[in-house]
Amino acid sequence: MASGALLLPPERELPIKRLYTRSMARLLAALFFWAACYKLVYLWLLDSLTPWDLEAAAKNLLLFRHEEHLYYLHIMLLVYAFLPVTRLLVRNGDRQSLEYALGLWFLLGILYPTVRTLWPFTLLGGVPVQWRLNLAYSSIGYTLLGHYLTVYRPRPRRPLCLAALLAGFLLTFGGAWAASAAAGGLEEHFLEGTGAGVFLEALGFWGLCQRASLPEWAGR
């Protein structure tokens, strides 16, 4: 959302060459640096700093077999790669077009993936099951949401922000609790980054940030 608010405004220039040689290059550098650090630390802790283990680690590094919690940097590479497309939508579309795109993204990228494990959606089969956007591509919608809220909803009411934040937490925590109790073990479906609960939490937290007053030094 922050990337969308900062990088999608039409007045900001973002040539494709600079996007790949600077922005995405920095993301790749950060990704490979931290992925390499984790692999070296693991090998060091296991006392396995042999040439063969180092070679295997290097291969896994180059094949993007990184630690799972680095997924955010992988997703941001995709988000940045789509910036020329999302910027085109923002530049040439009006508010109604942007709201339509966000509505479609919410249905297929947030709501449908959240309810897909519930009845009667579990009865669906064939192509409709594939209508939902997966986590990586659904994350692109958050950039549009960040831009939309910044431009058209710059100062949301604090009670609404708090309500969205609380509702999102209850849905995320309560859904994960109920699903885990039913499964007899940890069920992470409601903890996914594009779940409806996380979506509400993001709305609430973003709104509170929009209302926050910046300190004087931030504008210098």
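The numbers here are math on the coordinates, done by the rules we state, and not lab data. Note that the structure is a prediction, hence the values are computed from the model and not measured. Virtual Cβ from ideal backbone geometry, glycine too; neighbours counted across all protein chains shown.
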Apply the Karplus parameterisation 6.51 cos²θ - 1.76 cosθ + 1.60, with θ equal to phi minus 60°, to every residue of segment 151-159 and state each ³J(HN,Hα) to the nearest whole Hz, in sequence, with x for glycine and proline. 7, 9, 9, x, 9, x, 5, 4, x
Full-extension gain in nm, ALA183 to ARG22, via 0.36 nm per residue minus C-alpha separation: 53.4 nm
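Taking a ≥ b ≥ c as the square roots of the Cα gyration tensor eigenvalues, with a/c under 1.5 meaning rounded and otherwise prolate when a/b beats b/c, else oblate, which class fits segment 156-220?
prolate
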Counting C-alpha atoms alone, how compact is segment 2-154: give Rg to one decimal and Dmax as a whole number, in angstrom. 19.7, 59
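Local charge sum around GLU55 (other residues, Cβ-Cβ under 15 Å, Lys/Arg +1, Asp/Glu -1)? Intermediate values should be presented prior to the final figure.
Values: positive: LYS39, LYS59, ARG65; negative: ASP53.
Surrounding charge for GLU55 is +2.
With an 8 Å Cα cut-off and a minimum separation of 6 or more residues, compute the relative contact order for the chain in percent.
Details: 193 pairs, mean separation 54.7, N = 220.
Over the chain, the number comes to 25 percent.
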Find how many whole Å separate the alpha carbon centroid of segment 28-59 from the alpha carbon centroid of segment 69-140. 34 Å
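With 10 angstrom as the radius, rank HIS189, HIS69 by how many other C-beta atoms surround their C-beta, starting from the fewest. All intermediate terms of the calculation are to be shown ahead of the outcome.
Values: HIS189 16, HIS69 9.
Ascending number of Cβ neighbours within 10 Å: HIS69, HIS189.
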For segment 7-87 the GluC sites (Glu not before Pro) that pass both the DSSP coil test and the at-most-16 other-Cβ-within-10 Å test are GLU11, GLU13, GLU67
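Neighbour counts of other C-beta atoms within 10 Å: give me THR117, THR172 arranged from fewest to most.
Values: THR117 13, THR172 20.
Fewest-to-most ranking of THR117, THR172: THR117, THR172.
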